[in-house]
1. Compute the FRET efficiency between Leu91 and Phe2 as 1/(1 + (r/R0)^6), taking r as their Cβ-Cβ distance and R0 = 22 Å, and round to the nearest 0.05.
2. If R₀ is 22 angstrom, what is the calculated FRET efficiency for the pair Tyr12 and Val66, using the beta carbon separation as r and rounding to 0.05?
3. In what sequence, highest mean first, do 3-12, 18-27 appear when ranked by Cβ atoms within 10 angstrom?
4. At a 10 Å Cβ-Cβ cut-off, how would you order Leu170, Leu263, Leu270, fewest neighbours first?
5. Taking the Cβ of each residue in Leu99, Leu118 as the centre, tally the other Cβ atoms inside 10 Å and list the residues starting with the fewest.
6. Run the quick spin-label model on Ala260 and Ile163: label points 7 Å from Cα toward the beta carbon, then report their separation in nm to one decimal.
7. Expressed in nm to one decimal, what extension gain is obtained for the pair Ile200 and Ile30 from 0.36 nm per residue of sequence separation less their Cα-Cα distance?
8. When only Cα pairs under 8 Å and 6 or more residues apart are kept, what is the percent relative contact order across the range 1-129?
Amino acid sequence: MFKKLLKRDLKYLTSVWWILAVVTLVANLIGAISVRIASSQTTPFFLLDLTSLGIFVAIGTMIALVVLSIVRVIRRFSQNLFSDEGYLTFLIPVKRKTLYYSKLLAGCLLFLFDAVVLTICLTFYVIIEQNGSAFFGSAMSVIVTLLTFNASVSVYQIIIAAINFFLMILALVTFIYYTRTVHALRIRNSGAKKVAGIIIGVVIGVDLLSSIILTNIFSFDLSVMDMLEKMPVGRRMFYQVLSSLSSTAVLATIFGLCYARTLYLIENKLNLS
């Protein structure tokens with residue numbers, strides 16, 4: 001039954017999404033070509049306006065894709081559980097937490113699809129700007145640098161970065177579901193807005209601090225590499241571990257609190273009568 005629920009949720013979420021995803025890919029391919037044309041010194045003046053328009057549309061489609069995903073996730077969760085449709089949903093012979101798990105997984109998968117599409121779009125710009133062969137050459141040099149600089153630290157940082165990425169998606173979806181549940185059940189004085197502001201502020205602050213002071217896996221500045229290489233091994237490992245795990249701890253806290261609270265409210269505070 002869980003698979004059927006998940007299939008229905010994904011079908012709803014992606015019914016319009018895939019059309020915009022295709023448009024986003026095409027628009028950013030055109031946008032990447034526009035950037036290449038605009039960077040040429042021999043480009044006619046009248047083409048510059050067209051290339052600027054192409055870049056603007058490409059960026060707009062990427063933003064629209066993410067916004068659409070957020071709206072679809074909110075709408076599916078709210079309508080399927082807290083509107084008139086919810087009476088039919090809760091007639092399905094499954095536990096309430098199964099309904100929640102289905103929507104949680106479907107929402108996370110949709111944002112993963114977003115990440116894949118946006119990654120492909122950004123790759124268009126790099127490949128076309130660097131003429132393909134230069135891109136793959138520079139990509140290989142980065143991989144070699146990671147593997148030869150400090151293999152254990154590099155692999156560790158990549159694993160933590162991947163964990164943080166998935167935790168970020170989980171935290172985003174569970175936070176959306178928590179706020180919608182509080183709103184739907186009309187729980188007064190819950191402090192949801194204050195909690196939201198504190199959580200967002202902490203996440204942004206910790207990530208900025210980690211990126212600027214402690215460095216992270218996405219920093220390939222040579223001066224930073226030289227600085228780390230001159231550090232004692234113990235101190236270098238401490239900085240890199242602290243940089244990675246600080247974000248992990250914050251995201252895991254957001255996910256855990258929002259997940260547990262939402263599940264509790266759905267199972268104990270939702271009165272169908």
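Taken together, the values in this text are just the output of simple stated rules run on the coordinates, not laboratory data. Predicted model only: the values in this text are computed from it and were never measured. Counting neighbours? That spans all protein chains shown, and the Cβs are built from the backbone with ideal geometry, glycine included.
1. Numbers: r = 16 Å, r/R0 = 0.75.
Result of the calculation: an efficiency of 0.85.
2. Details: r = 18 Å, r/R0 = 0.81.
In this case the efficiency is close to 0.80.
3. Details: 3-12: 15.1, 18-27: 16.6.
So the order, starting with the most tightly packed, is 18-27, 3-12.
4. Numbers: Leu170 22, Leu263 19, Leu270 15.
Lowest count first: Leu270, Leu263, Leu170.
5. Numbers: Leu99 21, Leu118 17.
With the sparsest Cβ surroundings first, the list reads Leu118, Leu99.
6. 1.9
7. On the way: separation 170, 0.36 × 170 = 61.20 nm, distance 3.45 nm.
Value of the extension gain: 57.8 nm.
8. Details: 106 pairs, mean separation 57.3, N = 129.
About 44 percent, as a whole number.
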